[in-house]
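**Q** Take this structure first; my questions come after.
The values are calculated or read from the model by the stated rules, or taken from the named source; none is laboratory data. Please read all numbers here as calculations on a predicted model, not as lab measurements. Cβ: placed from backbone, ideal geometry, glycine included. Neighbour counts: every protein chain shown.
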Amino acid sequence: MSRKVLVLGEVREGSLRNVSFEAVSAAKTIAEGGEVVAVLVGKSVSSLASELIQYGADRAVVVEDEKLAHYTSDGFSQAVLAVIDQEKPEGMVFGHTSLGKDLSPKLAARLQSGLISDVTSLEVVGGNIVFTRPIYSGKAFEKKVMADSFIFATIRPNNIEPLAKDESRTGEVKSVSVEIKDLRSIVKEVVRKASEGVDLSEAKIIVAGGRGVKSEEGFKPLKELADVLGAAVGASRGACDANYCDYSLQIGQTGKVVTPDLYIACGISGAIQHLAGMSNSKVIVAINKDPEANIFKVADYGIVGDLFEVLPLLTEEFKTVLV
Ligand code: FAD
């Protein structure tokens, strides 16, 4: 059964987030040969529409307004609901990001539809779209089929392969004017607390530190390795609680859930709550001076040693290969 499926293109600091391209790929599967329409909401975002088309969307609809310069659930839901009303799709896909997690349930509730969140893969089986999503903090996976006729889904970053970019691909980009009214909150400015660099939730490589780094200064060798690898720096709650780094870096049950290609855990014991946020990483390397540390149970490669000796050696070695 072919469907028309919308995809929200998520913009951060003037660029599309990678998860938007992954969402286009997921929407293609759900569309089963039907049309995939990218939706862009914001201020001065229309120039990004062509990139979503190059990644597989058939066309794009753009809603631009000064009041949409920063995300608010009120403003964005008005914009997206107006597009849904015009386009009459049978599904919509979002990234499982802070924005997607906030906006998608609101829209699903408005349309009295269900929502399948945090999807890590999807396939067509016997005419049904079967979604796979983690449960029990990633210890098991469930497969679900949507009973409603409208399919709302959020997809976890870094799990669904985007389609190859085709720069010759073109499609219609339509501007839609929506009157944004009665905003209950207005965002004046967004101040990023986390340091510049690679976004943690979409990073392909993460170098994470725990209480074993011992101080804020102790994160320096992790940052040096991260710079060489083009990686993001993350942390355990132990490191955040000890004030070695900001809570925005926390990975785990009560922090961010990440699935990079490579996760390098430094001085992290491997508590169950930490594993809940990173155990689905494709390759895990653990550096810990305690050979009995729990982190080694989930690690693909373990280095028993002092992180302050091991990390500079790794950084030097990678420099000779990569820089
Ligand atoms: P520790 O357990 O103290 O481990 C430090 C490790 O560093 C040790 O294994 C030690 O051998 C090693 N080490 C020390 N020095 C060195 C060195 N020089 N070189 C190499 N290794 C060294 N935790 C999270 O991470 N994320 C969460 O989201 C989270 N949510 C939680 C939610 C709840 C409700 C609760 C109760 C707890 C939560 N926790 C979470 C906390 C979790 O239980 C652990 O306390 C925390 O993960 C421990 O952090 P850590 O591994 O950095 O510290």
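**Q** Is it the case that Ser281 is buried (at least 18 other Cβ atoms within 10 Å of the Cβ), touching a Phe, Trp or Tyr at 6+ places or on another chain (Cβ under 8 Å) and among the polar types (S, T, N, Q)?
**A** So Ser281 fits the description; yes.
**Q** Next question. Considering every residue within region 180-203, establish whether at least one is surrounded by fewer than 22 Cβ atoms within 10 Å (Cβ to Cβ) and farther than 25 Å from Thr72 by Cα.
**A** The answer is no; no qualifying residue exists.
**Q** Let me ask something additional. Do we find that Lys319 is farther than 24 Å from Thr120 by Cα and at pLDDT below 95 in this structure? Write out each step before concluding.
**A** On the way: farther than 24 Å from Thr120 by Cα: yes; at pLDDT below 95: yes.
Answer is yes for this residue.
**Q** Next question. Can you work out which of the residues in region 268-320 that are more than 13 Å from the ligand (Cβ to nearest atom) and of a type in the set (Asp, Glu) is nearest to the chain's Cα centre (by Cα)?
**A** Filtering first and then ranking leaves Asp300.
**Q** For region 182-219, give me each residue that is within 16 Å of the ligand (Cβ to nearest atom), outside any loop (DSSP other than H, G, I, E, B) and in contact with a helix residue (DSSP H, G or I) (Cβ under 9 Å, 6 or more places away or on another chain).
**A** Those that are within 16 Å of the ligand (Cβ to nearest atom), outside any loop (DSSP other than H, G, I, E, B) and in contact with a helix residue (DSSP H, G or I) (Cβ under 9 Å, 6 or more places away or on another chain): Leu200, Ser201, Ile206, Val207, Ala208, Gly209, Arg211, Gly212, Val213, Gly218, Phe219.
**Q** While we're looking at this one, here's another question. Which residues, taken from region 235-245, are of a type in the set (A, V, I, L, M, F, W, C) and near the ligand (Cβ under 6 Å from one of its atoms)?
**A** Across region 235-245, the qualifying residue is only Ala239.
**Q** Now, a different point. Are any residues in region 83-98 among the small types (Gly, Ala, Ser) and either in contact with a helix residue (DSSP H, G or I) (Cβ under 6 Å, 6 or more places away or on another chain) or assigned to a strand (DSSP E or B) (or both), and if so, which ones?
**A** Pass one, region 83-98, residues among the small types (Gly, Ala, Ser): 91, 95, 98.
If the condition is that a residue be among the small types (Gly, Ala, Ser) and either in contact with a helix residue (DSSP H, G or I) (Cβ under 6 Å, 6 or more places away or on another chain) or assigned to a strand (DSSP E or B) (or both), then Gly91, Gly95 are the ones that fit.
**Q** To continue, here is another question. Could you tell me which numbered condition Val7 fails, if it satisfies all but one of (1) within 26 Å of Ile186 (Cβ to Cβ); (2) under 22 Å from the mean Cα position of the chain (by Cα)?
**A** Result: Val7 passes all but (1).
**Q** Considering every residue within region 223-240, establish whether at least one is of a type in the set (S, T, N, Q), out of contact with any Phe, Trp or Tyr (no Cβ under 7 Å at 6 or more places or on another chain), buried (at least 23 other Cβ atoms within 10 Å of the Cβ) and assigned to a loop (DSSP other than H, G, I, E, B).
**A** yes
For every residue, the table says whether it meets (1) surrounded by fewer than 18 Cβ atoms within 10 Å (Cβ to Cβ); (2) in contact with a helix residue (DSSP H, G or I) (Cβ under 6 Å, 6 or more places away or on another chain); (3) of a type in the set (A, V, I, L, M, F, W, C); (4) farther than 17 Å from Val19 by Cα.
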| site | (1), (2), (3), (4) |
| --- | --- |
| Asp65 | yes, no, no, yes |
| His70 | yes, no, no, yes |
| Asp74 | yes, no, no, yes |
| Leu81 | yes, no, yes, yes |
| Gly100 | no, no, no, no |
| Gly114 | yes, no, no, yes |
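**Q** Something else now. Looking for something basic (Lys, Arg), surrounded by fewer than 19 Cβ atoms within 10 Å (Cβ to Cβ) and in contact (Cβ under 8 Å) with a residue 12 or more places away in the chain - is there at least one such residue anywhere in region 17-38?
**A** no
**Q** On the given criteria, is Val258 near the ligand (Cβ under 8 Å from one of its atoms) and either outside any strand (DSSP E or B) or not charged (D, E, K, R) (or both)?
**A** The answer is no for Val258.
**Q** Here is a list of conditions, (1) more than 20 Å from Phe308 (Cβ to Cβ); (2) away from the ligand (no atom under 12 Å from the Cβ); (3) assigned to a loop (DSSP other than H, G, I, E, B); (4) free of Cβ contacts under 8 Å to residues at least 60 places away in the same chain, and Ser248 meets all of them except one; can you say which number that is?
**A** (3)
**Q** Looking at this structure, is Ile264 within 19 Å of Leu225 (Cα to Cα), modelled with pLDDT of 95 or more, within 9 Å of the ligand (Cβ to nearest atom) and of a type outside the set (Phe, Trp, Tyr)? Talk me through it step by step, then tell me what you get.
**A** Numbers: within 19 Å of Leu225 (Cα to Cα): yes; modelled with pLDDT of 95 or more: yes; within 9 Å of the ligand (Cβ to nearest atom): no; of a type outside the set (Phe, Trp, Tyr): yes.
When the stated conditions are applied, Ile264 does not pass them.
**Q** Related question: Within region 85-123, how many residues are farther than 26 Å from Val257 by Cβ, touching a residue at least 60 places away in the same chain (Cβ under 8 Å), out of contact with any strand residue (DSSP E or B) (no Cβ under 7 Å at 6 or more places or on another chain) and not polar (S, T, N, Q)?
**A** So in region 85-123, the residues farther than 26 Å from Val257 by Cβ come out as 85-90, 110-112.
Now narrow it down to the ones that are touching a residue at least 60 places away in the same chain (Cβ under 8 Å): 86-90.
Keeping just the survivors that are out of contact with any strand residue (DSSP E or B) (no Cβ under 7 Å at 6 or more places or on another chain) gives 86, 88.
Filter once more, keeping what is not polar (S, T, N, Q): 88.
Total satisfying the criteria: 1.
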